[in-house]
Amino acid sequence: MNLLLTWQVKKFLRIILAIQLTMLGAIALDAIGLGVPILRQFIGFVYLTFVPGALIIRLLRLQRLSNIETLLYTVGLSISFSMFTAFLMNLFYPFIGISSPISTLSIVTTFSFIVCLLSITCYLKDSGAASGQFLQDLNLGSLTPLLLLPFLSVFGTYLLNFYDINLVNLLLIVIISVIGFAILSTSTSFSLAVFVVAISLLFHTSLVSMHLWGWDIHTEYYFANLVLSNSLWDPMISSNLNAVLSVVLLAPIFSCICNMDIVWVFKLVYPFLFSLAPLGLYQAYVKQTGDKIAFLSCYFFMSVFQFYTGMLQLARQEIAELFLALLILTIIDKNINRMAKKFFLIVFSISLIVSHYGLSYIYMFSLVLSWLIIQLKSKKIDSIINLTYVLFFIVFTLAWYMYVSGSSAFSTVVRLGDQIVSSISTEFLSPKTSQALDIVVSTYSPMREVTKVLHMVTQFFIVVGIFAILLKHEKIKFEEEYIAFSLVNFAICLAGIVLPYFSSAFNTSRLYHITLFFLAPFCVIGGIVILETLYMIAGRPWSERSNKISLKILSIFLGIFLLFNSGFVYEVVKDNPTSISLNNTIDNPRFNNQEILGAKWVVNSTTDQSTIYGDEFGRLLLHEFAYGRVRIFWGETTVVPPDAYIYFRSLNVNGKIMKSKIERPYLYINIYNSTFFNNIIVKKSRIYANYGSEIYT
């Protein structure tokens, strides 16, 4: 039974009221200088993440939801509530004289008022509920060792950040690599195991450094901080990132309520929310395949490095992928009535659209083709994926990105489509224009060749799994909608290889990661089918015991797969290590305090018309504070404006090296031997230095 319905309504509302009053009290204490450490951050997070959604779920009276489904839908509805409410505040408050709608006072007042209205409605509508035990299906005592993994992850990054010790993080990867085999041998909760592995993998990279690291995350910080500074979102600023509410509204809301710097909103809150995406997938998979296959499917999904590296550099996509997982669960969930399913479908679809443009277009494309497949296969299927929903999603997506932020995101997709179509006839199956195909045909070091082979094996498993299901594999029954989406995403994978510029536009690893939302179970199914075939060839009968053995074999394979994907093997054998959570010396867009101080100094000491140059990684840090007037320099750069400022980060200052050219792989050269130094720097003066960064003009 739905855990939110196990309490009498008065008890339920007392808990809601207690959270609200504690949140208001923590804010009041902070205002008078008597704040309790961590209290506001914790209670603010609980309030925003659970309270609005819990009230909505209670009002919907969804009796048949499991505890995990209740948790997932509660968080999804709460995040949607925050974004939509802030959007309406930003839209209407200026017309009634409130010039700072995205401020702590406005947000707290509005959210508290709406929560009170929902509580009153809930009390009047709810005549009571059966008593029950909260989270009654979990024996937390037996799960204590599993629950220690996230703490090990946090402690490991602490040692890495402050003492340059990576042993705990190495140990963490080893434990997670064997956890699949261990979980299959016990009666431990598979759903909890999925969540623990997800949050541990995410925190072991997101918490690296005391500042943001990565690529797009710095520009996302700029736009979120711009809204926070102005207490207002300007939807007319032309930028793809300014069009996504998951960045420009959600992050400022958490920052205001929790009194937390946006840096830590991105490093703590967003990874936690994103860790629920695999849990949502597990719930969707388990309804169709069983718990063990569902667990291994999620384990495979999380083992691919993009999950715990690339996604942490894309705050907007972390939120969007949570909604994608919720959409998948909603489509195949039989525990909710049709009206509630339509409500969830609309809310989560809109939330996905306003969270990330690229994922919205991919889902829209998948939705249209999936609907066509369903219609062609059988018109008798009473599917929630109908023409009305398809048209709604298309219209809302196109309208949002055509009219917000100067049509920037819409124009980007149009240009990409034109580029792909115009180049198909001349550059079809060309490694020069297909990033995915280039990865396949390129040669690497021996350890990286092993990684490539492991990926190709998992992809072969997916192919076998897809064909096994299409040939009516009698042991597993997928929903028709899920099969249709899977076929489309399988086609998207193939398109990433054969179509010029398609995979590179989305980034090959990111595109593959998205398709795994649907394709991950087929990897496990394909592996089982292959092992079953080998049993038959060997003349041995396939039994329940054989099936259990095959699952354990696959868990061992996926554990090895994780060791290579995580960079563990590269670190141990010292084969050009790549993981910043296992090695503190890797050149990466990860910055120290001196670099941050230098970036802030040059931005604050120059006018809005001044141009600032940084190297490939240095300019990412500068984007946090001066997006729009930052340019990039390379070792071969020969010309910069005479009044421009040059920013050197620690690698340039202390390492005396820089990247020589745009093409990859990058070559590092001595600064004093570079064209840039001899043509540009020698003619400029150093105006700032702090042993970790320098400024020239």
Chain lengthening between Leu159 and Asn604 when straightened (0.36 nm per residue, less Cα-Cα): 156.9 nm
Tyr570: net charge of surrounding residues, Cβ under 14 Å, Lys/Arg +1, Asp/Glu -1, itself excluded? 0
Gain in span if fully extended, Leu148 to Phe113, counting 0.36 nm per residue against the direct Cα distance: 8.8 nm
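Find, to one decimal place in angstroms, the Kirkwood hydrodynamic radius of the range 525-661, where the mean of 1/r is taken over every pair of different Cα atoms and then inverted.
19.3 Å
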Residues Phe45, Phe348, sorted so that the one with the fewest Cβ neighbours within 10 Å comes first: Phe45, Phe348
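For Glu479, Glu220, what's the fewest-to-most ordering of other Cβ within 10 Å of each Cβ?
Arranged by neighbour count, lowest to highest, Glu479, Glu220 become Glu479, Glu220.
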Output needed for the range 11-51: three equivalent-ellipsoid semi-axes, defined as square roots of 5 times the C-alpha gyration tensor eigenvalues, in descending order, whole Å. 20, 11, 6
Rounded to whole Hz, the Karplus (6.51, -1.76, 1.60) HN-Hα couplings of the range 14-29, x for glycine and proline: 5, 5, 4, 5, 4, 5, 5, 5, 5, 4, 5, x, 5, 5, 5, 4
Please list, or write none, the lysines whose alpha carbon is within less than 30 Å of the alpha carbon of Lys267, excluding same-chain residues fewer than 8 places away. Lys452, Lys574, Lys600, Lys659
Additional length obtainable on full extension of the chain from Asn673 to Lys377, 0.36 nm per residue less Cα span: 100.0 nm
Fewest-first ordering of Val108, Val75 by Cβ atoms within 10 Å yields Val108, Val75
Where does the range 206-306 land on Rg/Rh, using Cα atoms and the Kirkwood Rh? 1.09
By average C-beta atoms within 10 angstrom, highest first, the peptides 156-167, 313-324, 484-495: 313-324, 484-495, 156-167
Report the per residue volume, in Å³, of the convex hull enclosing the C-alpha atoms of the chain. 181 Å³
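So how many Å³ per residue does the convex hull of the Cα atoms of the range 3-125 work out to?
Per-residue hull volume (Cα only) is 111 Å³.
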Setting aside same-chain residues fewer than 8 positions from Lys341, which lysines have a Cα under 26 Å from its Cα? Lys125, Lys287, Lys377, Lys379, Lys380, Lys477
In nm, to one decimal, how far is the modelled label at Gln8 from the one at Thr578, with both set 7 Å along Cα→Cβ? 5.9 nm
Distance in nm between label sites at Ile553 and Phe92, each 7 Å beyond Cα in the beta-carbon direction? 6.2 nm
Ratio of the range 593-696's C-alpha Rg to 2.2 N^0.38 Å, to two decimals? 0.97
At 222 nm, what helix-only mean residue ellipticity would the chain give, in deg cm²/dmol to the nearest 500, using -39500 (n - 2.57) for each DSSP H run of four or more? -21000 deg cm²/dmol
Kirkwood hydrodynamic radius, the range 257-340, all distinct C-alpha pairs: what's the number in Å? 14.0 Å
With a point put 7 Å past each Cα toward its Cβ, work out how far Val453 is from Lys661 in nm, to one decimal. 3.3 nm
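No lab work stands behind these numbers, since they all come straight from the coordinates. Here the structure is a predicted model, which means the values were calculated and not measured. Reconstructed Cβ throughout: ideal geometry from the backbone, glycine too, with neighbour counts over all protein chains shown.
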